[in-house]
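A short write-up of the structure that comes next.
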Amino acid sequence: MSAPLPQPRGGLLPRLFSPRVRIAYAGAIALFLWCVAQFWHPDTGFSSLISIGDLLNETKVTALREAPHYVYEGSPGYDGAYYVQLALYPTLDNPELKKAIDNLPYRAKRILFCWAAWALGLGQPAWIVQAHALLNVLCWLALAWTLLRWFPATGWENFLRWAAVMFSHGLCMSVRHSLVDGPSLLLVALALRWLEDGRGAAGGVTLALAGLGKE
């Protein structure tokens, strides 16, 4: 009777840890979604993720005034409050934008995700506000999947690398305040993935689009 073949070095440990690692990935995503759910309000949906402060009340564009949204009292808000107004008027033809946006030429260069929010909201102001608030959440989930190419669920080292990106300060701030950083990072990651796959045209176009998201 022949002796059993030896196990490949390290072959047993990956099989033992792989299910636990996959659970860790799933748990991290579940934690993220739970945190996002805390920002939902019955009257204003997820608009508290945009960080619109009441100090902007006098300069808001009409469409934002009329759409239900959460307002932080005693606060100027954050950059997402400007981008959501661009999303409401993505053609930049509303004269109210000059007063509503602190630096219109600068922010208008980052118009891509404002267009995306307008399209996802089907041109309806109330829907556009919600789409803008949740765009970063969708991009976070897409990035979580995209990064599995480089950090597959095969070991704890990959999980730590993946989690370090997904829960980095910059990415979390992008989700929390509806900024352009997270969606832009997703486009860069997708472009790199496609370039590695030899899909040069798709990668080049995606990188070009990323420039319209954040220069």
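With (1) under 30 Å from SER51 (Cα atoms); (2) free of Cβ contacts under 8 Å to residues at least 12 places away in the same chain as the list, and LEU143 as the residue in question, which single condition is left unmet?
Against the list (1) under 30 Å from SER51 (Cα atoms); (2) free of Cβ contacts under 8 Å to residues at least 12 places away in the same chain, LEU143 comes up short only on (2).
Please enumerate the residues belonging to the stretch 193-215 that are surrounded by fewer than 17 Cβ atoms within 10 Å (Cβ to Cβ), farther than 22 Å from PRO90 by Cβ and either of a type in the set (Gly, Ala, Ser) or touching a residue at least 60 places away in the same chain (Cβ under 8 Å) (or both).
Of everything in the stretch 193-215, those that are surrounded by fewer than 17 Cβ atoms within 10 Å (Cβ to Cβ), farther than 22 Å from PRO90 by Cβ and either of a type in the set (Gly, Ala, Ser) or touching a residue at least 60 places away in the same chain (Cβ under 8 Å) (or both) turn out to be GLY198, GLY200, ALA201, ALA202, GLY204.
Run down VAL137, VAL129 and say which single residue is in contact (Cβ under 8 Å) with a residue 40 or more places away in the chain and more than 19 Å from VAL71 (Cα to Cα).
Selected residue: VAL137, the only one of VAL137, VAL129 that is in contact (Cβ under 8 Å) with a residue 40 or more places away in the chain and more than 19 Å from VAL71 (Cα to Cα).
Going through the stretch 81-117 one residue at a time, which ones are assigned to a loop (DSSP other than H, G, I, E, B) and of a type outside the set (Ser, Thr, Tyr)? Give the steps one after another, and end with the answer.
Step one: filter the stretch 81-117 for residues assigned to a loop (DSSP other than H, G, I, E, B), giving 89-96, 101-103, 109-111.
Hits for the stretch 81-117 are PRO90, LEU92, ASP93, ASN94, PRO95, GLU96, ILE101, ASP102, ASN103, LYS109, ARG110, ILE111.
Can you tell me which condition ASP79 does not meet? The list is (1) in contact with a Phe, Trp or Tyr (Cβ under 8 Å, 6 or more places away or on another chain); (2) within 29 Å of ALA164 (Cα to Cα); (3) acidic (Asp, Glu), and all the others hold.
For ASP79, the exception is condition (1).
Please verify whether the stretch 14-32 includes one or more residues that are closer than 30 Å to CYS114 by Cα, at pLDDT 95 or above, surrounded by 15 or more Cβ atoms within 10 Å (Cβ to Cβ) and touching a Lys or Arg at 6+ places or on another chain (Cβ under 8 Å).
no
Could you please give the count of residues in the stretch 125-182 that are over 15 Å from ASP79 (Cβ atoms), touching a Ser or Thr at 6+ places or on another chain (Cβ under 8 Å), modelled with pLDDT of 95 or more and not hydrophobic (A, V, I, L, M, F, W, C)?
Of the residues in that region, 1 qualify.
Yes/no matrix, rows are residues, columns are (1) open to solvent by 30 Å² or more (accessible area, probe 1.4 Å); (2) more than 27 Å from GLN38 (Cα to Cα):
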| residue | (1), (2) |
| --- | --- |
| ALA108 | no, yes |
| PHE113 | no, no |
| TRP140 | no, no |
| HIS169 | yes, no |
| GLY182 | no, no |
| LEU186 | no, no |
| ALA191 | no, yes |
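Suppose we filter LEU112, LEU120, LEU160 for residues that are among the aliphatic types (A, V, I, L, M) and in contact with a Phe, Trp or Tyr (Cβ under 8 Å, 6 or more places away or on another chain); which single one remains?
That would be LEU120, the only listed residue that is among the aliphatic types (A, V, I, L, M) and in contact with a Phe, Trp or Tyr (Cβ under 8 Å, 6 or more places away or on another chain).
Can you pull out every residue in the stretch 33-51 that is in contact with a Phe, Trp or Tyr (Cβ under 7 Å, 6 or more places away or on another chain) and either surrounded by 14 or more Cβ atoms within 10 Å (Cβ to Cβ) or in a loop (DSSP other than H, G, I, E, B) (or both)?
Listed by number, the residues that qualify are PHE39, TRP40, THR44, PHE46, SER47, SER48, LEU49, SER51.
The values are calculated or read from the model by the stated rules, or taken from the named source; none is laboratory data. If you're wondering where the values come from, they're calculated on a predicted model, not measured in any experiment. Glycine also receives a Cβ, built like all others from the backbone with ideal geometry; neighbour counts cover every protein chain displayed. The area values use the complete protein model at the heavy-atom level, side chains included, leaving out ligands, DNA and RNA. Shrake-Rupley method; radii C 1.70, N 1.55, O 1.52, S 1.80 Å.
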